[in-house]
1. Give the residue, chosen from 516, 464, that is of a type outside the set (Asp, Glu) and at pLDDT below 95.
2. Is region 404-420 home to any residue that is modelled with pLDDT of 95 or more and of a type in the set (D, E, K, R)?
3. Considering only region 374-393, how many residues are of a type outside the set (Lys, Arg), crowded, with 17+ Cβ neighbours inside 10 Å and in contact with a His (Cβ under 9 Å, 6 or more places away or on another chain)?
4. Does region 75-87 include one or more residues that are surrounded by 22 or more Cβ atoms within 10 Å (Cβ to Cβ) and more than 23 Å from residue 37 (Cα to Cα)?
5. If you take the residues in region 79-117 that are under 24 Å from residue 162 (Cα atoms) and not in a strand (DSSP E or B), which one is farthest from the chain's Cα centre (by Cα)?
6. Check residue 166 against each of (1) over 30 Å from residue 528 (Cβ atoms); (2) buried (at least 17 other Cβ atoms within 10 Å of the Cβ) and name the one condition it does not meet.
7. Find the residue count for region 418-474, including only residues that are over 29 Å from residue 241 (Cβ atoms) and without any contact (Cβ under 8 Å) to a residue 24 or more places away in the chain.
8. What is the residue count in region 402-421 for residues that are surrounded by 14 or more Cβ atoms within 10 Å (Cβ to Cβ) and either in contact with a Phe, Trp or Tyr (Cβ under 9 Å, 6 or more places away or on another chain) or among the small types (Gly, Ala, Ser) (or both)?
Amino acid sequence: MASTMGIFIILSIFAFYLARFSITETRSGAYHILDIKARNLAMTGAELGMHLYKSSRSTDGININNITGNLNNGSYTVSFDSDNDESTSALPYTHYLTMKSSATIDDVKRNIRYIFSSLPEAFCFSFYGNNTSSQTFSETGSYIDGDMFFNGSVGSGSGTGNGVTYISTGSGGTVLSDYPEFPQLDESIYTTLLNSAAAVSGGNSSYTNYSYQFDGADDYVTIGGSTDINQGEFPKKTIEAWFKTNDKSNKQIIYEQGGGSRGLNLYIKDGKLYAGGWNRVEGNWSPGTWLLTSAISNNQWHHVVLTLNGGGTKSAGAFKLYLDGELKGTGEGSQLWHHNYAVIGKTRAKSRYDDGTTSSGFTFNGFIDEVRLWNTERSLSDIVDNKDKVLSGYEKDLVAYYNFQEATNNIANDSDPNSPINNGTISGAVISNSGPTLSSNFLLFKDETITLSNYTDSKLLVNQDLFILGSSFNGPGYIVVNGNITIGSTDLNASTINGNIFIICSGSITIKENSQTGTSIDAPVILYSKGNGSYFNSTIYGLVVSKGDNLLLSNTNVNGAILNYSSSFSLTGDSDVIGSVVSYYSVDIQGNDASIEKGNIPEFSGLVIGLDPFVVPGSYLEY
């Protein structure tokens, strides 16, 4: 009996522990299922966060910084950190950010994280060369810092100086068989904006024009000696001006440069307009050539042009006179050598005339405007297409431009911003609102401060060329031009395009003269041009997208990223790119001062730029 009772007690205890073990196993299995569900819920939240970040790029705490939701009897929260990882350690680059997703079901919680790059994987390299033209990368004098990839061979002594040189095939680097694709740019946002700009009317179709009035006694404008105008050898010249005389019977000078040995002039005598040219020393252009026309009237605006295309000796057809867009005469001529300064409205250096005389002291009685000096021979089509239009001052081969819109401290401003500036000195002549009727085929902002929020939807839409000279633009917003964009400086100010602004053009973009676009890595600009890109002596914070035939950086610093489609891509002078360069072709780095260095790239928070972010490989972590 005692033995039976003992066995019963032992079996009862075993049954109790067996039942308890079964309950514990059931509870552990349930927790394991909940753990799997919580992990899946965290990954669901992470996937939602990825899509929202891709579409808005915003992590500002309002839009997507704290994403919450409920699903499968649980809840999830997704957050972003632009500075640190989950353990508060700093991220390596500004364009990296941490996405954390936490999910809770009952009392089970799971945490996961990913590291994002705000730009595609190719931008993880200091330089990525897709090498569509199948070249060998040969930049022995250049400096690249950081891992680079080149889709082809790299020559001896080329490649990165501090990092790994990866190649797809060939020789000269470490073969990376599974390399990133060239990024795909979604251009829909840029195309839509350019279509909107093309639909608006021109910006400055009318133009309030001024001129200078000369009294016929002692008024004139002197232009000093210049390597652009008179100090050197000049095979080609074009001099053009608008004038209105009060009395065409009087002998009077519109323009002269030079003296008794070499020179050019435009003058009126006995009711006729003359264009003269001579070089009585080196070129055997002696006694000279004087072309004339009688098709001028008193108190009427006329447009006159003198052109020269000569060589070392005199030749036929080198000298021409145009009036009001028509060729009036052709004669012989040679090039000019070093000669005296230029004067508007008076003779000061004994110019030569058609009758063989030389004299000084003749003045002009009337109005003169739009004096343009070129070191090229302008064609008839060039003259006709532009005589009734205001110039920007950035035209090729234009060396001095006096539009007489200003008269400050007796200075006739040279509105050609190319160096050197050839300002004139005013003696007596006064500004007048009696100018020829001209139009502009561009929109100009000069020494202004512009706030883009004052425009509809913060978009400045321009259906012509745009010039921003010595001006500041404040964003956020868009500058969209169906044409070319030029950003430069004036005598007073450099131009600054502050952060979070898109600059988009269908033509070419030129930035020069110490201008700055963007203010920091955290306040970038996006520069998109379907035409060529030329950046001289400027500073850029942001993204440069160049789709034309040529991209040139000369003495220019880019802090951010370049996406280049141009077949000709050069870095010259002291040009430094700190961030990443991704090019459809190779790059020509000229000289030891130019460099590409892996560095920070803007995150472009809140800016849809047409490039997808990506998850940094190996960054998934459960913690």
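1. 464
2. There is no residue in region 404-420 that is modelled with pLDDT of 95 or more and of a type in the set (D, E, K, R).
3. Residues in region 374-393 being of a type outside the set (Lys, Arg), crowded, with 17+ Cβ neighbours inside 10 Å and in contact with a His (Cβ under 9 Å, 6 or more places away or on another chain): 1 in total.
4. Scanning region 75-87 turns up no residue that is surrounded by 22 or more Cβ atoms within 10 Å (Cβ to Cβ) and more than 23 Å from residue 37 (Cα to Cα).
5. Filtering first and then ranking leaves 91.
6. Failed condition: (1).
7. Matching residues across region 418-474 total 7.
8. Qualifying residue count, region 402-421: 12.
The values are calculated or read from the model by the stated rules, or taken from the named source; none is laboratory data. Since the structure is predicted, the reported quantities are computational estimates derived from the model, not experimental observations. Neighbour counts are summed over all protein chains in view; Cβ atoms, including those assigned to glycine, are modelled from backbone coordinates with ideal geometry.
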